[in-house]
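Okay, structure first, notes after.
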Amino acid sequence: MEIRGTTIVAVRREGHVAIAGDGQVTAGDAILKGNARKVRRMMDGKVLSGFAGATADAFTLYEVIEKKLKEYHGDLTRAAVEMAKEWRMDRNLRKLEAMLLVADSSKTFLISGMGDVIEPEHDVIAIGSGGNYALAAARAYLDCSDFPAEVIARKSLEIASDICVYTNKSILVECL
């Protein structure tokens, strides 16, 4: 049975970025844990990251992105591109089933095992089973409110948790 962790959203507004994640980890249709920590700080707090997908795979990918960030002296763009290349080319990494959102003070990226490094078009991006719900809510809040990034990220996940059974209200938000 595959263990999964879901729903991460990154929101950028007025020079600030927030990444929020719910705490639910599921195996099939069973909830294994409700308070998992899927969002973390890296590079002495200068980079935020969050994962959706298989939890063990995500921890491996955290190690890879941290290594790339150190190798490229905190240059998030270069680290993300090099990580995506390695993820796609390496036989062991290629089998990993997770996605990452990473952000620093100026850039946000989605990194996937297909070699994708995607920068969001509308200052928000989301992944995981409730990602589309969180994305829609965040875009609406960006258009129709003056809420800061942190509040939008949290409220978006709250909405996603009301719709997606694989997302809960145990929300962790990290901000830069």
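See the values below:
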read-out	value
Ser129 being in contact (Cβ under 8 Å) with a residue 40 or more places away in the chain, farther than 24 Å from Tyr166 by Cα and either small (Gly, Ala, Ser) or surrounded by fewer than 22 Cβ atoms within 10 Å (Cβ to Cβ) (or both)	no
Odd one out for Met43, checked against (1) of a type in the set (A, V, I, L, M, F, W, C); (2) on the phi < 0 side of the Ramachandran plot; (3) modelled with pLDDT of 85 or more	(2)
Pairs where the first residue, in the range 1-12, is at pLDDT 95 or above and the second is surrounded by fewer than 24 Cβ atoms within 10 Å (Cβ to Cβ), C-beta under 6 Å, 6+ apart	Ala10/Thr108; Arg12/Thr108; Arg12/Asp123
Pick from the range 14-38, criterion in a strand (DSSP E or B) and modelled with pLDDT under 95, ranking: farthest from Phe109 (Cα to Cα)	Ala30
Leading residue by the ranking (surrounded by the fewest Cβ atoms within 10 Å (Cβ to Cβ)) among those in the range 152-165 that are touching a residue at least 60 places away in the same chain (Cβ under 8 Å) and touching a helix residue (DSSP H, G or I) at 6+ places or on another chain (Cβ under 8 Å)	Cys164
Selection count, the range 89-110, where residues are without any contact (Cβ under 8 Å) to a residue 40 or more places away in the chain, touching an Asp or Glu at 6+ places or on another chain (Cβ under 9 Å) and either exposed (fewer than 15 other Cβ atoms within 10 Å of the Cβ) or not in a strand (DSSP E or B) (or both)	3
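The values are calculated or read from the model by the stated rules, or taken from the named source; none is laboratory data. Note that the structure is a prediction, hence the values are computed from the model and not measured. When we count neighbours, we look across all protein chains shown, and the Cβ atoms used for this are built from the backbone with ideal geometry, even at glycine.
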